[in-house]
Amino acid sequence: MPSNKFFYWDANMFLYYLNDDPSKIPTLEAILDDISNSNSDKIVTSVLSKVEVAWVASEKEKRALSTEDEARIDAFWNDPSIIEMVDLNEEITHIARSLLRRSMSRGWDGLKPNDAIHLATAEWVGAAEVHTFDTRLFRYSELIGLDIKEPVAQQPRLL
C-alpha cells in the first residue's frame, strides 16, 4: 500500500511560483509536475496561505488589481489533485504558540505568528518536509522535528 507523502509549502513558495520567478520556476514546476503525476504525494499548506498570497508582484508594483490574476490565484488554490488546504484548528494554534514560546526561550528572535502557524501545521499533518525560501526558518527544524529547507526537484525543468 503506497504511503502518502505531504510536502508542506510555506506561502512564499506559492508567491515565487505565481510570480514566475525565473530563478525558482524550473524547480517549482518540476515539483508540481511530480505531484500531479503521483497517486500518493501532495503539497499541503495552511488556509493562511490564501491570505498571504493576496496578489502577485505585478499587481503590487502597479498598485492595480487584476481580475485575471485573481482568477489565476483562485484556480491554483482550487486544484485538490495537487494542493490540500489545512484549516487552522485549536491543536495547531497550541503548537504554534508553543513554538513561539520555545523559540523566545532560546533567544531566537524573529519567529512571526504566521510562520509559527505554518510550521505548526506542517508538524500537525506529519509532513515529510517543509519547503520554504525563507532561510530564517531552517533553524526551527529541531523544534518541530521536520526538515525545513529549500525545495529540490528530482529533475528541474530547463528554461
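The values are calculated or read from the model by the stated rules, or taken from the named source; none is laboratory data. Being a predicted model, the structure only gives us computed values, none of them experimental. Cβ: placed from backbone, ideal geometry, glycine included. Neighbour counts: every protein chain shown.
Return the residues of region 66-83 that are among the β-branched types (Val, Ile, Thr) and either closer than 22 Å to Ser38 by Cα or in contact with a strand residue (DSSP E or B) (Cβ under 7 Å, 6 or more places away or on another chain) (or both); say none if nothing qualifies. Don't jump to the end; show me each part of the working.
Of the residues in region 66-83, the ones among the β-branched types (Val, Ile, Thr) are 67, 73, 82-83.
Matches in region 66-83: Ile82, Ile83.
For beta carbons closer than 6 Å, sequence separation of 6+ or different chains, a first residue in region 50-66 that is more than 16 Å from Met13 (Cβ to Cβ) and a second that is in a loop (DSSP other than H, G, I, E, B), the qualifying pairs are Glu59/Leu65; Glu59/Ser66. Put simply, of Ile43, Ile25, Ile35, Ile31 the only residue that is surrounded by 14 or more Cβ atoms within 10 Å (Cβ to Cβ) and more than 17 Å from Glu129 (Cβ to Cβ) is Ile25.
Scan Thr93, Thr121 and give me the residue that is within 13 Å of the chain's Cα centre (by Cα), in a helix (DSSP H, G or I) and at pLDDT 95 or above. Outline the logic, then answer.
Numbers: Thr93 fails: within 13 Å of the chain's Cα centre (by Cα).
Unique residue meeting the criteria: Thr121.
When region 32-88 is filtered for residues that are over 15 Å from the mean Cα position of the chain (by Cα), not in a loop (DSSP other than H, G, I, E, B) and not charged (D, E, K, R), the ones remaining, listed by number, are Ser36, Ala57, Ser58, Thr67, Ala71, Ala75. The condition (being surrounded by 12 or more Cβ atoms within 10 Å (Cβ to Cβ), at pLDDT below 95 and basic (Lys, Arg)) is satisfied by just one residue among Arg102, Arg72: Arg72.
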